[in-house]
Amino acid sequence: MEFMVLRRANQSTERGIQPPALEPGTFLRPSAEAVRLLRRDGEWSEVHGPFPPRELVAGFVQLEAESREDIVEQVRWWPLFDSGAVYEIRDAGCPGACLGFDERGTAAGTIPDRKQELTRYVVFLRSDAELESDLAPPPEVIDVMNAANEAGVQQGVLLAGEGLMGSSSAVRVHYANSKTSVVDGPFTEIKELIAGYWMLQAASREAAIAWAKAYPYPMPGDLILEIREACERKSHAEFTPEMVAAEERLRAELLEAGLRNAFSKAARGG
């Protein structure tokens, strides 16, 4: 199964601090450099950041796992330096068989060509009530989207793209000091949710905006897009001895707490 793990933003990520857990995922520049595109009655308008952190994603990574329980367990054992972080786990894919793609290639076998001289931008499709309901667009609409994605890769513009299922099947893993907790979806604040994304490469943000406005989106009415610049990952190989010791201490506390719970459950007879 494919899952998208979204690192929810907070004040720390909005200052540009990159958590180590998302390796080798995509981290985004703070929203002060972002722009939202609003399409209403067929007309586009722009709103420039910064935006409230609670509405934002700071980074994401797509992972494979055997089950939702497995991916939750993986995320719970990520590095704990990022205390206060929230990771949102979503089922990858979209209703109606719109085909995702990434560096592994498209369904037709086309491999994206990353050009280092161009900047990577992520175009998020912000969710709404209709997208949250997982209604499948008509097949002919999906065919147009798949064709546009394939053409974008062949033209050297698109690098990746994927839809996300509604949050009814999602979970959020909350970090607090040495503990984690899991909250099941659905999540009621729809304006905080993402329904899908495209990653493209362009010479400027203006070029990325032009591409975003021209894409054949499946919904005919109003929609909101968010364009964020991706940044290169900083190396986290140089963990200091203090950081390593802190990580080992936190992991020991987690293990001890888990053993206590297991023994307590056994003592109660199940």
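Can you report the number of residues in the stretch 83-99 which are within 14 Å of VAL61 (Cβ to Cβ) and not in a strand (DSSP E or B)?
Residues flagged as within 14 Å of VAL61 (Cβ to Cβ) and not in a strand (DSSP E or B) within the stretch 83-99 amount to 1.
Please specify each residue of the stretch 192-225 satisfying the condition of being open to solvent by less than 60 Å² (accessible area, probe 1.4 Å), farther than 30 Å from MET1 by Cβ and in a loop (DSSP other than H, G, I, E, B).
SER204, GLY221
Would you be able to say whether some residue in the stretch 128-136 is at pLDDT 95 or above and buried (at least 20 other Cβ atoms within 10 Å of the Cβ)?
no
Does ARG90 qualify as being in contact with a strand residue (DSSP E or B) (Cβ under 8 Å, 6 or more places away or on another chain), basic (Lys, Arg) and crowded, with 20+ Cβ neighbours inside 10 Å?
It is true that ARG90 is in contact with a strand residue (DSSP E or B) (Cβ under 8 Å, 6 or more places away or on another chain), basic (Lys, Arg) and crowded, with 20+ Cβ neighbours inside 10 Å.
How many of the residues making up the stretch 96-119 are open to solvent by less than 40 Å² (accessible area, probe 1.4 Å) and under 18 Å from the mean Cα position of the chain (by Cα)?
The number of residues fulfilling the criteria is 4.
State whether the residues of the stretch 1-11 include one that is of a type outside the set (Lys, Arg), modelled with pLDDT of 95 or more, open to solvent by 70 Å² or more (accessible area, probe 1.4 Å) and more than 16 Å from the chain's Cα centre (by Cα).
No; the residues of the stretch 1-11 include none that is of a type outside the set (Lys, Arg), modelled with pLDDT of 95 or more, open to solvent by 70 Å² or more (accessible area, probe 1.4 Å) and more than 16 Å from the chain's Cα centre (by Cα).
The values are calculated or read from the model by the stated rules, or taken from the named source; none is laboratory data. Since this is a predicted model, take the numbers as computed values, not measurements. Cβ: placed from backbone, ideal geometry, glycine included. Neighbour counts: every protein chain shown. The protein model used for the area step is the full one, side chains on, heavy atoms only, and it has no ligands, DNA or RNA in it. Shrake-Rupley method; radii C 1.70, N 1.55, O 1.52, S 1.80 Å.
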